[in-house]
Amino acid sequence: MISRKFFQTVVSASLVLCSLPAFAQTSNGNATPVTDYSLPELLITNNGESIRTQEDWENLRRPELLSLFAGQMYGRLPLIPVEAIYQVRELTPNGGETDIIRKQVEITLSRNGETRKSLLLMYLPAQAEKAVPVFLAPNFKGNQTITTDSAVIYSQYSDQERGIAQSRWPVQTLINAGYGLVTFHYFDFYPDDPNRATESILPLFTDTDYDKNPDDNGQALSAWAWGMSQIMDYLQNDDQVNADQVILMGHSRLGKAALWAGAQDVRFAMVISNNSGCGGAALSKRVYGETVQQINNTFPHWFCQNFAQYNNREQEMPFDQHQLLALIAPRPLYVASATEDQWADPEGEFLAAREASKAYSVYGLEAIGNIEMPAVNEPVQKWTGYHIRSGKHDVTDYDWDNWIIFANKWFK
Ligand code: GTR
């Protein structure tokens, strides 16, 4: 639990940002006012010191914020190394017929007498003369669902049909742009069900009985983020991948996990959040769309137990999601929203990204800055990027095209 003194310090350091009320549509169609709220300061430490330099940000404020998110929201996992074995299960080099290399790598992770496996599906440009930048993006339904390619090995926890999710995965577009794609089924690290914790990676470290665990123990979001870092370990060992140019992309709940992974693990060179909403890029204190109570009740296995203390108490939270986005600084960050995804609060996602610009300014970098919310389908791309596209909660070619343009700014 946070101490009262700490809480008061943070509250007194708050900045009143919004005293509207603006009116908003929630997913059930009710117009609800966005309540008055104030955001905890980004660049003032718990002791009230102002952060002006890169060193102070990295040595003082960044660790405080990381610890707050770990202790109060996403939970902690022990930073104990596990034994990792990498095995190439299938490799199709360019046989003259295609410009794509397909590679499927199994990662076996062991500790504490427990073993878990994750299967990576990789597509890489065959013409590349050197190691390539890659998008690392978990999939929802199994590797075989992202393409109709019949050589793709089924992910262990999925029997869903080949190709059913292919509209979200423009493999050829990525290859043409010179990028590789690395994907895996997120169930590999925690099958997304509160009753399946024993099948997750948690038993490698800890008891899965919630009652026996400290309230800051990580659950599914932590496990997914941890998995992303394990994959990063593998990518650092793969000569065909430029491990200094790994772009982590996650959609929706996987956008939440990608942000948490990117915040903790600075090896990810760029992070993209797509429609990540509550617990992702959206400000919780706006209480617009999905609320803290709704997310904790529907998904009791996502966050740590401590997070439930903020159910219906968003204004008492000593942190908010602009601070999570700031933890990506100085690395490029892109936040994407969709007009029909009001459940994820597009404006709250934008405002968090805008506030996070302050952390980039500490590095002298021009992030999206203090602008108004951009018009629909008019991306803003500075050191950080943002767009709101027309349409629903989804991953579309429009999103990928803009992420490629953004990635090209840094990696080409
Ligand atoms: C919803 C959830 C959101 C988002 C979404 C998804 O049911 O309320 O927070 O994570 O699922 O992951 O598709």
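Taken together, the values in this text are just the output of simple stated rules run on the coordinates, not laboratory data. Model, not experiment: these values are computed from the prediction. Every residue, glycine as well, gets a Cβ built from its backbone with ideal geometry; the counts of neighbours run over all protein chains shown.
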Query raised in the report: Which pairs in the list K130/K256; K103/K392; K141/K392; K256/K412; K117/K141; K103/K141 are over 23 Å apart, alpha-carbon to alpha-carbon?
Result: K130/K256; K103/K392; K256/K412
Query raised in the report: Can you tell which of L325, G364, V376 lies farthest toward the positive end of the dipole of segment 314-376, using +1 and -1 charges on the Cβ of basic and acidic side chains (Lys, Arg; Asp, Glu)?
Result: G364
Query raised in the report: Which percentage, to the nearest 5, of the DSSP beta bridges contained in the chain is antiparallel?
Result: 55
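Please identify the helices of the chain, taking whole runs of DSSP H, that span at least 15 Å along their own axis as judged from the Cα atoms and have a mean Kyte-Doolittle score of 0.0 or higher. Provide the component values of the computation, followed by the final result.
Details: long enough: 220-235 (22 Å, 0.57); 253-264 (17 Å, 0.10); 346-362 (26 Å, -0.34); 397-411 (20 Å, -0.60).
Qualifying helices, which must be both long enough and hydrophobic enough, are 220-235, 253-264.
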Report task. Using the Cα centre as the reference, give the magnitude of the dipole from point charges on the C-beta atoms of segment 80-187 (Lys, Arg: +1; Asp, Glu: -1; all else neutral), rounded to the nearest 20 debye. Result -> 220
Query raised in the report: Got the relative contact order for segment 76-192 handy, in percent, Cα pairs under 8 Å and 6 or more residues apart?
Result: 25
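Taking R0 as 30 Å, what's the FRET efficiency between E340 and N195 from their Cβ-Cβ distance, rounded to 0.05?
Values: r = 32 Å, r/R0 = 1.06.
The calculated FRET efficiency here is 0.40.
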Query raised in the report: Which whole-number percent is the relative contact order of the chain (Cα, under 8 Å, 6+ apart)?
Result: 15
**Report entry** Taking only Cα atoms of the chain, radius of gyration then Dmax in Å
**Finding:** 20.6, 67
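How big is the charge dipole of segment 296-408 about its Cα centre, in debye rounded to the nearest 20, if each Lys and Arg gets +1 on its Cβ and each Asp and Glu gets -1 on its Cβ? Display every interim value, and only then the final one.
Working: 7 positive and 16 negative charges, 80 e Å.
Magnitude of the dipole: close to 380 debye.
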Query - Cleavage-rule hits (trypsin sites (Lys or Arg not before Pro)) in segment 277-363: DSSP loop, at most 15 neighbouring Cβ within 10 angstrom - result: R313
Query - Taking only Cα atoms of segment 149-204, radius of gyration then Dmax in Å - result: 14.5, 42
Report task. Lys and Arg at +1, Asp and Glu at -1: add these up for the other residues within a Cβ distance under 12 Å of N213 and post the number. Result -> -3
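About its Cα centre, how strong a charge dipole does the chain have in debye, to the nearest 20, once Lys and Arg get +1 and Asp and Glu get -1 at the Cβ?
On the way: 32 positive and 48 negative charges, 69 e Å.
Once rounded to the nearest 20, the dipole reads 340 debye.
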Query - Cα gyration tensor category, rounded, prolate or oblate, for segment 255-412 with a/c compared to 1.5 - result: prolate
Report task. Would you be so kind as to identify which of S273, W226, Q245 lies farthest towards the positive end of the dipole of segment 206-319, taking Lys and Arg as +1 and Asp and Glu as -1 on Cβ and the Cα centre as origin? Result -> S273
